[in-house]
Amino acid sequence: MKLLVTGGAGFVGSNFIRYWLREHPSDRIANVDRLTYAGNLRNLEGLPDRHELVCQDISDPTVETYMEGVDAVVHFAAESHVDRSIDSSEVFLQTNVIGTQRLLEAARRKRVSRFVHVSTDEVYGALGDSGEFSEDTPLRPNSPYAASKAGADLLARSYFKTYDFPVIITRACNNYGPYQHPEKLIPLMTTNALEGLPLPVYGKGAQIREWIHVTDHCRALEAVVQRGRPGEIYNIGTGCRLSNLAIVQMILQLLEKPASLIQFVTDRPGHDFRYALDSSKARRELQWEPQIQLETGLQQTIRWYRENRSWIEAVKGPSYQQYYSRMYQNRGKDLSSN
Ligand code: NAD
Ligand code: TYD
């Protein structure tokens, strides 16, 4: 089988490529990635020759040439960080909406027989103290990131309805694991704690997220490529839901670092309170089950960050430091010592 993966130099995409090539020793993957700030060649180190990096924007018309002989497209490429979308949203529309439309169009013209559009639970908006999102929950995205992903989901749906193009949409909860950029909660808190720096928890840390280990997400996507039904949407979650403060406390405990490192800072505007997914459809129809418990997965993840200091140092270079001071220095408390 030949896959075309987009965004494979990022966090979930690189884990997916590693997973797929290990599990499918005769398959090949073309990886279309523009290598933005979030794309990292070090995430691709050690991959076999069956992986080919195509350093290209997904909006570029030449991407169509790489669809030749491709059995399935798995589309990860996106601008993926909520805080950056609040800071400046245009690139989110460019990549997540226009880029997805261009990619859908290229794949349709090349008659690709399966297109997996990797989306997120954030398209549903936010929940209060109770309830779960099902695949039929109306889309009520709250951040520019979530709105751009919802736009992409609707385009993907329209390609199925209008052209009978075999698109499948997946909506996963928050992922964690190795190779995640330290702009996101778990690697940011882990790497700051390792350096003895403050851990900036937004608001009171009461917001709730559902967490999945990236390998469990990759297994679900494998099942979608193999057994998903065109035109369908699958929520991919674990039911493992925790407040941000609880996660940060777990990280500190695992690292044997003091709780005094926690600093409560100004909340994110429009901060979604709670995400919770009903993933029974994926379990039932794809015969998929998450396998990695949060405590085990978090231990492994923290070990990976401990053992990969040079990866962290490279990612937390000058442009990350600039990003960090821009985003955090005016958040109520002085974190500019980072
Ligand atoms: P990431 O930011 O780590 O990686 C994104 C990758 O896409 C990078 O390699 C980047 O270089 C590439 N890219 C960005 N714009 C591009 C463009 N115009 N053309 C080509 N490549 C481009 O993101 P991630 O966390 O790995 O997320 C991957 C996908 O999974 C996204 O679509 C995201 O919405 C979805 N998702 C992520 C999570 C999560 O918790 N990380 C949860 C649910 C869904
Ligand atoms: P994040 O990893 O950015 O994922 P998302 O916003 O897509 O869910 O954030 C996860 C949660 O952690 C979210 O509720 C915001 C919170 N958060 C902090 O409290 N401090 C931080 O420095 C970051 C990056 C996130």
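Computed from the coordinates by the stated procedures, all read-outs in this text should not be read as laboratory data. Just so it is clear, the structure is predicted and the values come from calculations on it, not from any experiment. In this analysis, Cβ positions are derived from the backbone assuming ideal geometry, glycine residues included, and neighbour counts consider all displayed protein chains.
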- Computed E for A246/R140 - FRET, C-beta separation, R0 35 angstrom, nearest 0.05: 0.85
- Round to the nearest 0.05 the FRET efficiency obtained for T266 and Q94 when R0 = 25 Å and r is the Cβ-Cβ distance. 0.30
- Query: In nm, to one decimal, how far is the K281 label point from the A259 one, both placed 7 Å along Cα→Cβ?
  - Reply: 4.1 nm
- Pair E195, T65: separation of 7 Å Cα→Cβ label points (nm): 4.1 nm
- When the C-alpha atoms of segment 269-338 are aligned to their principal axes, what extent does each axis show, in angstrom, from largest down? 49, 36, 20
- Query: Can you give the FRET efficiency for E295 and D129, using 1/(1 + (r/R0)^6), R0 = 30 Å, r = Cβ-Cβ distance, to the nearest 0.05?
  - Reply: 0.75
- Under a Cβ-Cβ cut-off of 13 Å, what is the net charge of the residues other than D129 that fall near it, where Lys and Arg count +1 and Asp and Glu count -1? +1
- Note on the structure: Residues meeting the amide H criterion for I168 (H placed from the backbone, H to H distance under 5 Å, 5 or more places apart or on another chain) are F115, V116, H117, G231
- What share of all Cα pairs of the chain, in percent, falls into each consecutive 20 Å distance bin? 32, 60, 8
- Task: Just subtract the alpha-carbon distance of I86 and L41 from 0.36 nm times their residue separation and send over the number in nm, one decimal.
- Result: 13.5 nm
- Query: Separation of segment 51-95 and segment 136-210 by C-alpha centroid, Å?
  - Reply: 16 Å
- Note on the structure: Given unit charges at Cβ for Lys, Arg (+) and Asp, Glu (-), the dipole magnitude of the chain about its Cα centre in debye, nearest 20, is 80 debye
- Task: For each pair in K2/K161; K257/K281; K257/K316; K281/K316; K110/K149, compute the distance between the two Cα atoms and list the pairs where it is over 28 Å.
- Result: K257/K281; K281/K316
- With the 8 Å Cα cutoff and a minimum separation of six or more residues, the chain has a relative contact order in percent of 17 percent
- Output the peptides 95-106, 263-274 sorted from most to least packed, where packing is the average of other Cβ atoms within 10 Å over each peptide's residues. 95-106, 263-274
- One finds the C-alpha centres of segment 1-33 and segment 287-311 to be spaced, in Å, by 20 Å
- Task: Work out, step by step, the length gained on full extension between N330 and K161: first 0.36 nm times the residue separation, then minus their alpha carbon distance; give nm to one decimal.
- Result: 56.2 nm
- So, with points 7 Å from each Cα along the Cβ direction, the R50-K2 label distance in nm works out to 1.5 nm
